[in-house]
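Take a look at the structure set out below.
The values are calculated or read from the model by the stated rules, or taken from the named source; none is laboratory data. Given the structure is predicted, the values throughout are model-derived calculations rather than measurements. All Cβ positions, glycine included, derive from the backbone under ideal geometry; neighbour counts span all protein chains shown.
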Amino acid sequence: MTQLPDYEQQVRQTHAELIHLVVKACMNASLKPELESVLQTAKNSGWEALVDKIRHILGGRRDAAILQGLDNEDSVIICAILEGIQNPASLPDINKQADPTMAAPGLAHMVHAASHGDVQALQAVSIMAEQMIQTTGDLRLLGGIMHRLVNGEREPDTLCKGMGPSGEQLVLSLLEELNKFSLQ
């Protein structure tokens, strides 16, 4: 499955705070207790593999083999942490908000690939949906409709039911991107 170029940047920006916390804790051991509560919350939210790898990094591991067994999103986060340790200037801007409309092309690509038999894409969409469902608000609702999107549901009123304006905009952007695949 090919990745859109903005995918990695979007993941890095979405998780900028965590990336910064880990890099700072690697540079200053006194910050590890503050990070530990964040890691415990992440672990309880289903991010066990990521938390395990972060703990290895905190313990001094820096080799590329640490990426083995991680999904795409977790790999991007770990790479950003490792790059940030080597070059703090590479860290994402912690004050910049991730653009939810940038997520639409990447999500559409994964949904399209999953709906056309790409097993890796289907697994990624399933994992993503599970993680979204464990959150709140529009993201939780988006996680709940991912299966319907993979199965071909494209009715905006049905898919946006209960969402706020930003969630609706993301779903509409996603549907617009999915429509582009049908025009090809």
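One table, with the values for the structure above:
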quantity: Ala64 being under 15 Å from Leu18 (Cβ atoms) and not assigned by TED's automatic domain parsing to the domain that holds Leu139; calculated: no
quantity: Conditions (1) crowded, with 18+ Cβ neighbours inside 10 Å; (2) at pLDDT 85 or above; number of the one not met by Ala103; calculated: (2)
quantity: Qualifying residue in the range 89-101 (condition: in a helix (DSSP H, G or I), farther than 30 Å from Leu183 by Cα and not aromatic (Phe, Trp, Tyr)); calculated: yes
quantity: Qualifying position, being surrounded by 15 or more Cβ atoms within 10 Å (Cβ to Cβ) and more than 20 Å from Glu130 (Cα to Cα), among Ile57, Ile77; calculated: Ile57
quantity: Positions within the range 149-184 being of a type in the set (Lys, Arg) and either in contact with a Ser or Thr (Cβ under 8 Å, 6 or more places away or on another chain) or outside any helix (DSSP H, G or I) (or both), in sequence order; calculated: Arg154, Lys161
quantity: Ala89, sole failed condition from (1) touching a Leu at 6+ places or on another chain (Cβ under 9 Å); (2) modelled with pLDDT of 90 or more; (3) under 30 Å from Ala25 (Cβ atoms); calculated: (1)
quantity: Selected residue (only one of Glu177, Glu130, Glu83 is over 21 Å from Gln13 (Cβ atoms) and either among the charged types (D, E, K, R) or not assigned by TED's automatic domain parsing to the domain that holds Asp63 (or both)); calculated: Glu130
quantity: The range 33-80, residues that are over 14 Å from the mean Cα position of the chain (by Cα), assigned to a loop (DSSP other than H, G, I, E, B) and charged (D, E, K, R); calculated: Arg61, Arg62, Asp63
quantity: Of all residues in the range 22-46 being surrounded by 20 or more Cβ atoms within 10 Å (Cβ to Cβ) and under 27 Å from Ala129 (Cβ atoms), the one that is modelled with the lowest pLDDT; calculated: Leu39
quantity: Qualifying residue in the range 146-158 (condition: of a type in the set (Asp, Glu), under 15 Å from Ala103 (Cβ atoms) and not assigned by TED's automatic domain parsing to the domain that holds Trp47); calculated: no
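Table: residues versus (1) under 21 Å from Glu17 (Cα atoms); (2) free of Cβ contacts under 8 Å to residues at least 12 places away in the same chain; (3) surrounded by fewer than 18 Cβ atoms within 10 Å (Cβ to Cβ).
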| residue | (1), (2), (3) |
| --- | --- |
| Leu91 | yes, no, no |
| His116 | no, yes, yes |
| Ala124 | no, no, no |
| Ile127 | no, no, yes |
| Arg148 | no, yes, yes |
| Cys160 | no, no, no |
| Gly164 | no, no, yes |
